[in-house]
1. Please state the shape class of the stretch 58-98: rounded when a/c is under 1.5, otherwise prolate if a/b exceeds b/c and oblate if not, all from the C-alpha gyration tensor.
2. Would you compute, for the Cα atoms of the stretch 83-142, the largest minus smallest coordinate along each principal axis and list the three values in descending order, in whole Å?
3. Using a probe of 1.4 angstrom, how much of the accessible area of the chain is carbon and sulfur, in percent?
4. Any idea of the accessible area per residue across the stretch 7-115, 1.4 Å probe, to the nearest Å²?
5. Per DSSP helix of 4 or more residues, -39500 (n - 2.57); summed, then divided by the residues of the chain. What does that give at 222 nm, rounded to the nearest 500?
6. Taking the Cα centre as origin and putting +1 on Lys and Arg beta-carbons and -1 on Asp and Glu beta-carbons, what dipole magnitude results for the chain, to the nearest 20 debye?
7. Would you please classify the overall shape of the stretch 211-255 from the alpha carbon gyration tensor, given that a ≥ b ≥ c denote the square roots of the eigenvalues, rounded means a/c under 1.5, and beyond that prolate means a/b larger than b/c while oblate covers the rest?
8. Normalised by the residues of the stretch 105-249, what does the relative contact order come to in percent, with Cα pairs under 8 Å and at least six apart?
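The values are calculated or read from the model by the stated rules, or taken from the named source; none is laboratory data. What you see is a predicted model; the values in this text were computed from it and never measured. Cβ sites come from the backbone with ideal geometry, for glycine too, and all protein chains shown count toward neighbours. In case anyone asks, the SASA skips ligands and DNA or RNA and just uses the protein heavy atoms, side chains included. Shrake-Rupley method; radii C 1.70, N 1.55, O 1.52, S 1.80 Å.
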Amino acid sequence: MPVLGLGTWENTEAGQCATSVKEALEMGYRHIDTAQIYGNEDEVGNGIAAADVDREEVFLATKVWIDHLDHDGVVETTKESLDKLGVDSVDLLYVHWPSRSYDAEETLAAFNELVEEGLTDRIGVSNFEPEHLEEAVDISDEPIFANQVELHPLLPQEEIRAKADELDIEVVAYSPLARGKVFDNETIQAVAEKHDASAAQVSLAWLREKGVTAIPKATGTDHIRDNWESLAVDLDEEDVETLDAIDVTDRRVDPGFAPW
């Protein structure tokens, strides 16, 4: 799984999402993230098809929404997602939240079947707390490959990262720029000035130092490129310690059905 991907949440304007995906892939990105609830899987598929990049080179992930996590819902809506994306399978299929129709045994059994049928290469979960990760690992016959959570210097998620490391689960950061709040933080800005970089690039570089994959959303070419160029930002140990010391817990995604 490439350590930097393109997130597509709220990228639903007709044509714009496909253009963003195409531009990102042709810029060098090889990881595209979407979800059923985003309402843009068809646009994401159009962007992948239009890009001058082979499908086999793209790590594609989508997520099953919380209303469809019963056995039949998982199977049926995943097949619908594949049709919209215009692909035979995805590289990673997530449980979007452990909420509403989620039942660990029933849901994960359906996900296991999809792996067996070749419709997804890997199983992932999203917004899982440590206890949910342990339960999923115990129940699923297939490995739990990744847990996607909100994660950035203003919400470092140490407990979740530690549990994922213990269970050999990758961590993927959504909203890695804290919905833009990293631009307002003086500590992040200071490190950015030191490296002649943007606050976004520093935040993404910090995640990379933590072994976390980031999927910042971006629609315009400039933002897509700025995020991509974060791969050239090398933080030193002092930078990482400075960012680690930010004493803030600023969760930007907190729906009523969240498990915490």
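1. Oblate is the answer for the stretch 58-98, as a/c is 1.5 or above yet b/c matches or exceeds a/b.
2. If we take the Cα atoms of the stretch 83-142, the spans are 35, 20, 17 Å.
3. 41 percent
4. Spelled out: the 1.4 Å probe surface of the stretch 7-115, per residue, equals 39 Å².
5. -12000 deg cm²/dmol
6. Roughly 800 debye, rounded to the nearest 20.
7. In terms of gyration-tensor shape, oblate.
8. Computed value for the stretch 105-249: 20 percent relative contact order.
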